[in-house]
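Report on the structure given below.
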Amino acid sequence: NAGVTQTPKFQVLKTGQSMTLQCAQDMNHNSMYWYRQDPGMGLRLIYYSASEGTTDKGEVPNGYNVSRLNKREFSLRLESAAPSQTSVYFCASSERAGAEAFFGQGTRLTVV
Amino acid sequence: GESVGLHLPTLSVQEGDNSIINCAYSNSASDYFIWYKQESGKGPQFIIDIRSNMDKRQGQRVTVLLNKTVKHLSLQIAATQPGDSAVYFCAENRDTGTASKLTFGTGTRLQVTL
């Protein structure tokens, strides 16, 4: 049981480049989330998907888009990367809204 | 607005002692709280949770206390071990029935000395 799997683990982008962070969970969870974590700060919610077919903005959605491809997969896209998006990105899932969230190992993204 | 904060950014304890990590929250509508442990280079890992209809919940070597009157949450770790060294986050969740929006504090680093 892999839990929450994120790819890639590391990525370096040039300013203006685009990329998609992939996330998949094998726990049959309904809800999925994307967070970013900056040094000295807690995790901040970017976007979430309460259930398949729905997505909503979190605390810091600007510069990002998401797609809930199916129940298992929830991707995060950076259309035009900026240095301010340098961060560690975590995907998480929970069985239902309001339940304990399980996190992936993170994607360390550097934008130069 | 909504916020979750911690009183101490770094806590240093000796192996075998008990650790207490504190957390303040400001949203009185929050009904569910979680403590996470994050080791270096890893994602947060669930430790223990508590719902607002409880004051105390115990796990293996860990206890979470909730004081709704002063909006305060604490995590107690008994007989702290070197493997407990990590950053600990409290998270606050308001169950709207449609989504879980965990709001995290900035974290407390626990250092266990030998």
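The values are calculated or read from the model by the stated rules, or taken from the named source; none is laboratory data. For clarity, every value in this text was computed on a predicted model and none was experimentally measured. Cβ: placed from backbone, ideal geometry, glycine included. Neighbour counts: every protein chain shown.
Could you say which residue among B:F33, B:F46 is over 17 Å from A:Q37 (Cβ atoms) and aromatic (F, W, Y)?
Result: B:F33 is the single residue among B:F33, B:F46 that is over 17 Å from A:Q37 (Cβ atoms) and aromatic (F, W, Y).
If a residue has to be surrounded by 13 or more Cβ atoms within 10 Å (Cβ to Cβ) and either within 13 Å of chain A (Cβ to nearest Cβ) or modelled with pLDDT under 95 (or both) to count, how many in region B:13-38 make the cut?
15
Would you call A:Q11 closer than 16 Å to B:G43 by Cβ, assigned to a strand (DSSP E or B), modelled with pLDDT of 95 or more and touching a strand residue (DSSP E or B) at 6+ places or on another chain (Cβ under 9 Å)?
It is false that A:Q11 is closer than 16 Å to B:G43 by Cβ, assigned to a strand (DSSP E or B), modelled with pLDDT of 95 or more and touching a strand residue (DSSP E or B) at 6+ places or on another chain (Cβ under 9 Å).
Looking at A:Y48, A:Y64, can you tell me which residue is of a type in the set (F, W, Y), under 22 Å from B:A91 (Cα atoms) and within 15 Å of the chain's Cα centre (by Cα)?
A:Y48 is the lone residue from the list that is of a type in the set (F, W, Y), under 22 Å from B:A91 (Cα atoms) and within 15 Å of the chain's Cα centre (by Cα).
Go over the candidates A:Q17, A:Q22 one by one and state the one that is at pLDDT 95 or above and either more than 11 Å from the chain's Cα centre (by Cα) or part of a helix (DSSP H, G or I) (or both).
Only one candidate passes the filter, namely A:Q17.
Kindly indicate whether any position in region B:41-60 is touching a Cys at 6+ places or on another chain (Cβ under 6 Å), surrounded by 18 or more Cβ atoms within 10 Å (Cβ to Cβ) and not in a loop (DSSP other than H, G, I, E, B).
No, region B:41-60 contains no residue that is touching a Cys at 6+ places or on another chain (Cβ under 6 Å), surrounded by 18 or more Cβ atoms within 10 Å (Cβ to Cβ) and not in a loop (DSSP other than H, G, I, E, B).
Would region A:7-30 turn up any residue that is under 26 Å from B:T106 (Cα atoms), surrounded by 14 or more Cβ atoms within 10 Å (Cβ to Cβ) and either in contact with a helix residue (DSSP H, G or I) (Cβ under 6 Å, 6 or more places away or on another chain) or at the interface with chain B (Cβ under 9 Å from one of its Cβ atoms) (or both)?
no
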